[in-house]
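> Please find one structure pasted underneath; my questions will follow.
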Amino acid sequence: MNRSIPTGGRYALLDELRGLCLISMMVYHAMWDLIFLFGLSADWFLGLPGYLWQQITSWIFILLSGFCVPLGHRTLRRGAEVFGAGLLVTLVTWVLMPSDLVVFGILTFLGSAMLLTGLLRPMLDKVPAPAGLAVCGVLFFLTRDINQGFFGFEGITLAAVPSGWYANFGTAFLGFPHLEFYSTDYFSLFPWLFLYWIGFFLHKAVGRKRMDTLRRSVCPPLGWAGHHSLLLYLLHQPVIYGLMMAGTLLL
């Protein structure tokens, strides 16, 4: 007998995918701590496998966040909360771990993207989904490498970005970090806003009527983690670091 698909409540599979991405981030950060703070040797993490792990997890998380915007009703409030959480991470790392300072990290970006999307929602809703997907896809491709000084995508260099654009703290927030800028977790507004909006327009292209299958739960614990992703993200690094420090003291 086929199990029926729930027709109300949360889209459980979206929560579970977010939870899976969150756990992937946590494990990645744990590996980062082991290597850069506790001296573990792992060449694969510093090479292509580690890069792909970080990129795939981040891309899915950002895309999913944009996809879920139309499901919420308090985008501006939620954006302010997430942005504030990002500022808290910056403050804590600046005071307690300045060598591992986080400026314009993933939470600051997501909060900024939510706030900007909430403010521009009336205009974005007027853009046809195919046009939005195409324009944001092209812009993401063109701006993916602007942090490194080039227009292009993952090493496909199209042109150099004018050096004058990399001027100060404000330009670093936009995607043009100056030479003195440093952050262990950096997600600038561009190019990542375009990936976030790809998720937004993908939701519009799929349509709510074709999303009922996403209500079916596959792994409830992942769904719980996804539903509480902000709190868990804020707690995971102190907990992981504390456990590792306790482990070194006991060994």
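The values are calculated or read from the model by the stated rules, or taken from the named source; none is laboratory data. Because the structure is a prediction, the values reported are computed rather than measured. Glycine also receives a Cβ, built like all others from the backbone with ideal geometry; neighbour counts cover every protein chain displayed. The area values use the complete protein model at the heavy-atom level, side chains included, leaving out ligands, DNA and RNA. Shrake-Rupley method; radii C 1.70, N 1.55, O 1.52, S 1.80 Å.
> Count, please, the residues in segment 136-150 that happen to be farther than 14 Å from L195 by Cβ and either open to solvent by 60 Å² or more (accessible area, probe 1.4 Å) or of a type in the set (A, V, I, L, M) (or both).
Qualifying residue count for the region: 2.
> When you go through (1) within 18 Å of the chain's Cα centre (by Cα); (2) open to solvent by less than 20 Å² (accessible area, probe 1.4 Å); (3) not hydrophobic (A, V, I, L, M, F, W, C) one by one for T184, which number turns out not to apply?
In the conditions (1) within 18 Å of the chain's Cα centre (by Cα); (2) open to solvent by less than 20 Å² (accessible area, probe 1.4 Å); (3) not hydrophobic (A, V, I, L, M, F, W, C), T184 misses (2) alone.
> Of all residues in segment 69-89, which are within 13 Å of the chain's Cα centre (by Cα) and open to solvent by 20 Å² or more (accessible area, probe 1.4 Å)?
F83, the sole residue that qualifies.
> Another one. Looking at this structure, is Y233 open to solvent by 40 Å² or more (accessible area, probe 1.4 Å), farther than 24 Å from M123 by Cα and either of a type in the set (S, T, Y) or out of contact with any His (no Cβ under 6 Å at 6 or more places or on another chain) (or both)?
The answer is no for Y233.
> Using the structure shown, decide if G223 is open to solvent by less than 80 Å² (accessible area, probe 1.4 Å) and at positive phi.
no
> While we're here: Is it the case that some residue within segment 105-112 is open to solvent by 20 Å² or more (accessible area, probe 1.4 Å) and either in contact (Cβ under 8 Å) with a residue 12 or more places away in the chain or not polar (S, T, N, Q) (or both)?
Looking for residues that are open to solvent by 20 Å² or more (accessible area, probe 1.4 Å) and either in contact (Cβ under 8 Å) with a residue 12 or more places away in the chain or not polar (S, T, N, Q) (or both), one finds none in segment 105-112, hence no.
> Looking at segment 227-251, which of the residues that are under 15 Å from M25 (Cβ atoms), in a helix (DSSP H, G or I) and out of contact with any helix residue (DSSP H, G or I) (no Cβ under 8 Å at 6 or more places or on another chain) is modelled with the lowest pLDDT?
P238
Yes/no matrix, rows are residues, columns are (1) surrounded by fewer than 19 Cβ atoms within 10 Å (Cβ to Cβ); (2) over 16 Å from G199 (Cβ atoms); (3) touching a residue at least 24 places away in the same chain (Cβ under 8 Å):
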| site | (1), (2), (3) |
| --- | --- |
| G66 | no, no, yes |
| L91 | yes, yes, no |
| M123 | yes, yes, no |
| K126 | yes, yes, no |
| A134 | yes, no, no |
| E154 | yes, yes, no |
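> Identify all residues within segment 63-90 that are more than 16 Å from R18 (Cβ to Cβ) and of a type in the set (K, R); write none if there are none.
R74, R77
> Looking only at residues in segment 156-178 that are within 19 Å of L87 (Cβ to Cβ) and among the aliphatic types (A, V, I, L, M), which one is surrounded by the fewest Cβ atoms within 10 Å (Cβ to Cβ)?
Per the stated criteria, the residue is L174.
> I've got another one for you. Restricting to segment 20-76, and then to whatever is among the hydroxyl-bearing types (S, T, Y) and under 27 Å from A246 (Cβ atoms), can you tell me which residue is modelled with the lowest pLDDT?
Ranking the qualifying residues of segment 20-76, first place goes to S41.
> OK, next. So, in segment 225-248, exactly how many residues are in contact (Cβ under 8 Å) with a residue 24 or more places away in the chain and within 23 Å of G79 (Cβ to Cβ)?
10
> How many residues are within 21 Å of I62 (Cα to Cα) and either part of a loop (DSSP other than H, G, I, E, B) or among the acidic types (D, E) (or both) if we restrict to segment 156-191?
The total comes to 9.
> Does S58 satisfy being in a loop (DSSP other than H, G, I, E, B) and either surrounded by fewer than 18 Cβ atoms within 10 Å (Cβ to Cβ) or touching a residue at least 24 places away in the same chain (Cβ under 8 Å) (or both)?
no
> Of the numbered conditions (1) at positive phi; (2) part of a loop (DSSP other than H, G, I, E, B), G152 satisfies every one except a single condition; which is it?
(2)
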